[in-house]
Structure formats: C-alpha cells, structure tokens
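The values are calculated or read from the model by the stated rules, or taken from the named source; none is laboratory data. Fair warning: this is a prediction, and the values are worked out from it, not measured in the lab. We place every Cβ from the backbone using ideal geometry, glycine too, and count neighbours over all the protein chains shown. Heavy atoms of the whole protein, side chains included, go into the accessibility calculation; ligands, DNA and RNA do not. Shrake-Rupley method; radii C 1.70, N 1.55, O 1.52, S 1.80 Å.
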Amino acid sequence: MHLTLRQLNIFQAVATHSSYTRAAEELHLTQPAVSMQIKQLEDNIGLPLFEQLGKTLFLTAAGEELIGYCERISQQLRDAEDAFENMKSLSSGKLSITVASTANYFAANLLAMFSQQHPDITIRLNVTNRENLLKDLKFNHCDLAIMGKPPAELDLVTTVFMENPLVVIAPINHPFCNASKIPLEAIAKEPMVVREQGSGTRFSIEKFFHNQGLSLNIAAEMTASEAIKQAVSAGLSLGIVSRHTIDLEIESNRLCILDVEHFPILRHWYLVHRKEKRLSPIAEAFQTFLLGNKHK
Ligand code: PGA
C-alpha cells in the first residue's frame, strides 16, 4: 500500500465537505484532479471510500476507518510542528554534553545557570576522562564537549574559553607548604598521587616532567580528583590537580598549593564539537552562553 499525505489531505477535504467540488475549491484543484486522487487512493487500499446515495456523498465503512487514521496523523503532524517550534524558541529540546571529569567542577554550575534560563530543556551530561570523551565525539554521542587541548586528528571546531592551571598540592602540615620556589627535582622525588592513564591531566603532567628531563615517583593513580584530594589531605603523598578542583579545600584550609618552580602547568579549557555537526538551537544557545560569560 502506498499512500501519500497529499492523497490523505484530499480525502479529508472531500469527507469534510461531502463534496468533490467543494474540496477542489478549498484545495485550489480541479474537480477531476480530486476525483482522480480519490480513485487512486481507493485502488491502493482495494476498497471504496465514498458512496453516492441520491444527491448525498457518504463515507463507506472503509472511509470511516480511514478518516480516523487521518485525524490521528494530522494530530501527530501538528504535535511535530509544535515540537519544532518549541525547539526553535528554545522552550524545549535536549542538550547532550560531555565534559572531562576535571571540568565538571565548573561545568555543573554553568549548566545549572543555563537551565535556569531555559527551564523546560533536558540536559544529558556525561562526565568522563579525556579518552572516553574523545570516543563520545567520534561516535556522535554528544552535541558539545568541554575538554583540555583537543587532538588534531578529529575534525573539530574548538574554542578556548578559560585557563586551566595544574598545581601541586600537599597536606597542610607538609614541610614544603612554607617553602618557596621548590625545585622540580625535589617534587619529582616525592611520592605523588596522579590521575589515571587516559586522563588529559595525567597526559600533560607526564609530558611536562618528561620535557624537563624528569620522571615522577607515582605512589598511586586515581580516577577522580576528589579521591586524589582526599588521599593528599590524609597525608598519603603530594598530588597534582587542576586549580579548579580545590576551591573548597583551600578555603577550609585542608590542602595547600606548593610554590614549585615552573608551576603552575598552564593548560586551557576548550568548547568543542565536530565540524560537520548540525548544532540544535539549544546547543547553539549554550555555546553562546558559555563563550559570552567571562571566566577567570
Ligand atoms: P581529565 O580532563 O584530566 O579529567 O581527563 C582534562 C583534559 O581533557 O585535558
């Protein structure tokens, strides 16, 4: 069976007016064009849709059945139209965003502010490390991503929007807390807790020490900055994390940032999407919101 929306539209008009002539007038078609479309529709279905009794045109049982379907299809099309209008006016829609776990310390706040401006949108936030974030971009699982320096291999549109300094942290009673200009060699010798392989933070720490001709004394690796902070404040070792992750601990005097030569390692946060990605209105609005906000 091959029905077109056009045929259903014509059928609905004939049924509403009980007349081929009036349907033709309404649709700006000729009466024979309307009759031909109805004939094709009947041939397609294999049943008559109208019957002419005296001067009156009635729907057959098949016609009654089809009019019910037409009404439901029209309703669905109106619903689709409303949904698209809502998406255009940003009063609904889905924003799918993947952020590097370190970025979640500020991304969650930004998303909260954004959703206050657009209370009916749905946000899907995936918080993961750099390696998995790159998979999300590759397999088109997100509209936008927030990450450290993007790789050149993927075809990405990238905009830098904020600094991301990496700092060395220590428990507050550590002897290094009062020292200044601590040499890198001394830091490299100390046991250190760092993020897991696959994390962007880990990658840049290793690259930084390697470029200085040093390697780290890794005591433990952990998949979350939260765990690193707790391990460091409990006295396990020193740690290296993004400055963005330790606001609360610095305020409450649970950790100190060490004054180390060549530190902080200065990285940046980027807002990223695939070049061919057709951003939804809500994703574009978030992009404007994020890049329009001034960040330290
Ligand atoms: P991550 O993120 O260390 O949490 O993976 C930072 C980055 O993308 O560089």
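Tabulated data
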| read-out | value |
| --- | --- |
| Given (1) assigned to a helix (DSSP H, G or I); (2) open to solvent by less than 30 Å² (accessible area, probe 1.4 Å), number of the condition Cys256 does not satisfy | (1) |
| Search result, residues across the range 186-204 that are within 7 Å of the ligand (Cβ to nearest atom), part of a helix (DSSP H, G or I) and of a type in the set (D, E, K, R) | Arg202 |
| Residue check, Ala112 within 16 Å of the ligand (Cβ to nearest atom) and either outside any helix (DSSP H, G or I) or open to solvent by 30 Å² or more (accessible area, probe 1.4 Å) (or both) | no |
| Answer from Thr21, Thr60 - the residue that is farther than 20 Å from Leu3 by Cα and at pLDDT 95 or above | Thr21 |
| Residues being more than 13 Å from Ser92 (Cα to Cα) and part of a helix (DSSP H, G or I) - total across the range 267-285 | 1 |
| Close pairs from the range 138-163: first within 12 Å of the ligand (Cβ to nearest atom), partner charged (D, E, K, R) and part of a helix (DSSP H, G or I), Cβ under 9 Å, at least 6 apart | Ala145/Asp136; Met147/Arg130; Gly148/Arg130 |
| Exclusive hit being over 24 Å from Val241 (Cα atoms) and of a type outside the set (A, V, I, L, M), set Lys135, Lys149, Lys88 | Lys88 |
| One residue from Phe263, Phe289 being within 16 Å of Met192 (Cα to Cα) and among the aromatic types (Phe, Trp, Tyr) | Phe263 |
| Residue match in the range 94-103 (condition: under 30 Å from Thr201 (Cα atoms), outside any helix (DSSP H, G or I) and open to solvent by 50 Å² or more (accessible area, probe 1.4 Å)) | yes |
| Single residue of Glu261, Glu251, Glu221 found to be in contact with a Lys or Arg (Cβ under 6 Å, 6 or more places away or on another chain) and open to solvent by 40 Å² or more (accessible area, probe 1.4 Å) | Glu261 |
| Helices (runs of 4 or more DSSP H) within the range 1-93 that include 2 or more residues under 30 Å from Ala283 (Cβ atoms) | 61-88 |
